[in-house]
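The values are calculated or read from the model by the stated rules, or taken from the named source; none is laboratory data. Nothing here was measured: the structure is a model prediction, and the numbers come from that model. Glycine also receives a Cβ, built like all others from the backbone with ideal geometry; neighbour counts cover every protein chain displayed.
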Amino acid sequence: MIRLLPLLLTLAAPAVAQTSPTGPAPARPLLADTQAVFDSYVREGRMPGIVGAFGRGDSATLFVTAGRIADTPAAPAAGPDTLWRIYSMTKPITGMAVMKLVGEGRIGLDDPVAKYIPAFAKMRVLTHPDTSLESVPARQAITIRHLLTHTSGLGYSINAHGPLLREYERLGLVPLAINATAEAKMRATRPATLAEFADRVATVPLVAEPGTRWRYSIGFDVLGRVIEVASGMPFDRFLRTRFFTPLKMDSTVFTVPAGDAGRLATNYAVIGGTLAPLDPGRTSVFLMPPSFPYGGAGLVSSARDYDRFLHMLQNGGTLDGVRVMKAETVRLALSNLLPAGVVFGGAGMVTGDRPGAAQGFGAGGSVRLADEAGGPGKGTFGWAGAAGSIGWVDPTRGIRGTVMVNIMGGDVPLAAQVGAALLRDAKRLHGE
């Protein structure tokens with residue numbers, strides 16, 4: 001688990017310049033231990049490159065970088081503006097888009113999804129989710145709250161089994177891009193529009209009664225369609241005009257422009273302990289438009305951009321004097337939105353997911369329910385991506401962090417090791 005207190009202690013401190021008989025030595029990096037950990041990952045071949053962005057209040061963001069965007073000598077160095085596939089770190093952005101519309105009175109948190117997508121009016125629930133598609137009528141309607149908190153009863157191709165998995169694949173309900181080879185297969189059955197996607201999702205039985213259980217799902221892709229209906233504009237345009245443009249997140253896109261291909265990191269898979277290129281940046285599937293914008297796993301972003309998104313949340317909806325969300329809406333979005341009686345046990349993938357820690361779930365990310373000495377404060381919100389990226393914000397203490405890598409299937413305990421390094425940096429600088 002990444003410890004967040006170090007940032008509170010560290011980020012306003014000056015770099016320490018050392019002197020020698022021959023003159024001033026180069027200033028030691030402010031986050032020297034964090035830098036050393038990043039360097040070790042690259043030196044040991046565990047990843048070609050990594051970038052971290054750490055911020056406190058409105059002080060300048062600190063970037064820690066190591067390595068290159070690919071494992072070739074001519075590849076550019078990884079940096080604050082390198083592009084990364086953030087996969088499920090898209091979900092908090094989609095979640096905040098929904099909450100913005102909640103704050104404007106266009107969506108009700110407990111509205112039935114069928115109000116926006118009529119096909120969801122008569123859902124059914126599987127009786128034996130792992131072995132059969134037999135089902136019975138759902139006792140209650142799926143709501144917007146359920147989609148935001150993964151309590152809708154919807155599934156995901158990554159956690160479905162047997163007949164249910166085959167049904168998701170038959171209907172093309174696999175809203176993500178991996179590489180050109182996988183895309184050719186998935187695009188053959190995937191719906192061509194977000195509207196068609198949502199309507200197909202509604203035909204598949206649920207794995208649990210709505211509002212009764214946390215289960216990771218394609219709910220955020222469905223929410224993309226809800227946003228379209230409620231706002232009257234395409235989902236990707238809504239994100240661009242209401243979030244990315246005012247926040248100056250110029251590198252956050254569903255489709256990487258050809259001219260930016262040189263900034264896109266290669267995505268790797270770990271096979272037999274070795275890194276194998278999965279989606280080279282120069283020929284990436286993310287250079288072509290997706291079937292539709294995937295609200296659950298579709299965005300590419302940079303450490304600088306994602307830090308700006310988290311900075312806005314940290315500030316209660318504003319950044320650089322521009323208000324993007326109402327302060328009360330941000331507070332609600334970062335609170336525990338789980339239906340009564342539902343427990344989130346942690347996904348073991350982001351900051352704050354320490355076994356046994358009291359956690360809830362907000363608009364697309366986990367939420368800490370209590371302070372931890374030397375660690376996350378109450379209200380810390382964050383999530384991670386399938387290719388290893390992580391992002392969190394502690395609005396109570398005014399600190400945030402983003403770590404970008406693109407490695408799928410690795411076993412590097414990134415959150416724990418980076419967090420421990422940040423703690424060592426704090427102790428060195430402040431003796432605490």
Taking MET96 as the residue in question, decide whether it is outside any strand (DSSP E or B), in contact with a strand residue (DSSP E or B) (Cβ under 8 Å, 6 or more places away or on another chain) and at pLDDT 95 or above.
no
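For (1) modelled with pLDDT of 95 or more; (2) among the charged types (D, E, K, R); (3) surrounded by fewer than 23 Cβ atoms within 10 Å (Cβ to Cβ), each residue gets a yes or a no:
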position	(1), (2), (3)
THR212	yes, no, yes
ARG240	yes, yes, yes
LEU264	yes, no, no
THR274	no, no, yes
LEU287	yes, no, yes
What number of residues within segment 393-407 are touching an Asp or Glu at 6+ places or on another chain (Cβ under 8 Å) and charged (D, E, K, R)?
1
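Here is a yes/no grid of residues against (1) buried (at least 24 other Cβ atoms within 10 Å of the Cβ); (2) among the polar types (S, T, N, Q):
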residue	(1), (2)
GLN359	no, yes
GLY365	yes, no
ALA373	no, no
GLY377	no, no
PHE381	yes, no
TRP392	yes, no
VAL412	no, no
ALA415	yes, no
ALA420	no, no
So which of ALA192, ALA177, ALA119 ends up being surrounded by 15 or more Cβ atoms within 10 Å (Cβ to Cβ) and more than 29 Å from THR329 (Cβ to Cβ)?
ALA177
If I filter segment 152-201 down to residues being among the basic types (Lys, Arg) and within 24 Å of the chain's Cα centre (by Cα), which single residue comes out as farthest from ASN267 (Cα to Cα)?
ARG190
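Conditions (1) modelled with pLDDT of 80 or more; (2) over 23 Å from LYS427 (Cβ atoms); (3) buried (at least 23 other Cβ atoms within 10 Å of the Cβ), marked per residue:
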residue: LEU9; (1), (2), (3): no, no, no
residue: ALA13; (1), (2), (3): no, no, no
residue: GLY23; (1), (2), (3): no, yes, no
residue: SER40; (1), (2), (3): yes, no, no
residue: ARG43; (1), (2), (3): yes, yes, no
residue: MET47; (1), (2), (3): yes, yes, yes
residue: GLY57; (1), (2), (3): yes, no, no
residue: ASP71; (1), (2), (3): yes, yes, no
residue: ASP81; (1), (2), (3): yes, yes, no
With respect to ALA53, is the statement that it is more than 30 Å from ALA138 (Cβ to Cβ) and either out of contact with any Phe, Trp or Tyr (no Cβ under 7 Å at 6 or more places or on another chain) or among the hydrophobic types (A, V, I, L, M, F, W, C) (or both) true?
yes
Give the residues of segment 162-174 that are part of a helix (DSSP H, G or I) and either surrounded by fewer than 16 Cβ atoms within 10 Å (Cβ to Cβ) or touching a residue at least 12 places away in the same chain (Cβ under 8 Å) (or both), sorted by residue number.
GLY162, PRO163, LEU164, ARG166, GLU167, TYR168, GLU169, ARG170
Would you mind finding the one in GLY298, GLY316 that is at positive phi and modelled with pLDDT of 95 or more?
GLY316
Checking LYS378 against (1) assigned to a helix (DSSP H, G or I); (2) of a type in the set (D, E, K, R); (3) in contact with a Ser or Thr (Cβ under 9 Å, 6 or more places away or on another chain): exactly one of these is not met. Which one?
(1)
Somewhere in segment 103-116, is a residue closer than 25 Å to ALA297 by Cβ and in contact with a Pro (Cβ under 6 Å, 6 or more places away or on another chain)?
no
It is to be established whether one or more residues within segment 72-82 are more than 15 Å from the chain's Cα centre (by Cα), farther than 26 Å from THR255 by Cα and in the same structural domain as ASP394 (by TED's automatic domain parsing).
yes
Does ILE407 satisfy being modelled with pLDDT of 90 or more and either buried (at least 24 other Cβ atoms within 10 Å of the Cβ) or under 15 Å from TYR41 (Cα atoms) (or both)?
yes
Leading residue by the ranking (surrounded by the fewest Cβ atoms within 10 Å (Cβ to Cβ)) among those in segment 302-346 that are among the polar types (S, T, N, Q) and within 16 Å of ARG242 (Cβ to Cβ)
THR318
Just one listed residue, out of VAL51, VAL102, VAL64, is surrounded by 19 or more Cβ atoms within 10 Å (Cβ to Cβ), out of contact with any strand residue (DSSP E or B) (no Cβ under 9 Å at 6 or more places or on another chain) and either assigned by TED's automatic domain parsing to the domain that holds LEU319 or at pLDDT 95 or above (or both), and it is VAL102
Cβ contacts < 8 Å: first residue under 10 Å from MET99 (Cα atoms), restricted to segment 325-337; second residue modelled with pLDDT of 95 or more and among the basic types (Lys, Arg), any location; separation 6+ or different chain. Result?
MET325/LYS100; THR329/LYS100
Scan segment 51-80 for residues that are within 13 Å of SER302 (Cβ to Cβ), in contact with a helix residue (DSSP H, G or I) (Cβ under 6 Å, 6 or more places away or on another chain) and either in a strand (DSSP E or B) or among the acidic types (Asp, Glu) (or both) and jot them down.
VAL51, ALA53
Kindly establish whether PHE254 is surrounded by fewer than 22 Cβ atoms within 10 Å (Cβ to Cβ), within 22 Å of the chain's Cα centre (by Cα) and not basic (Lys, Arg).
yes
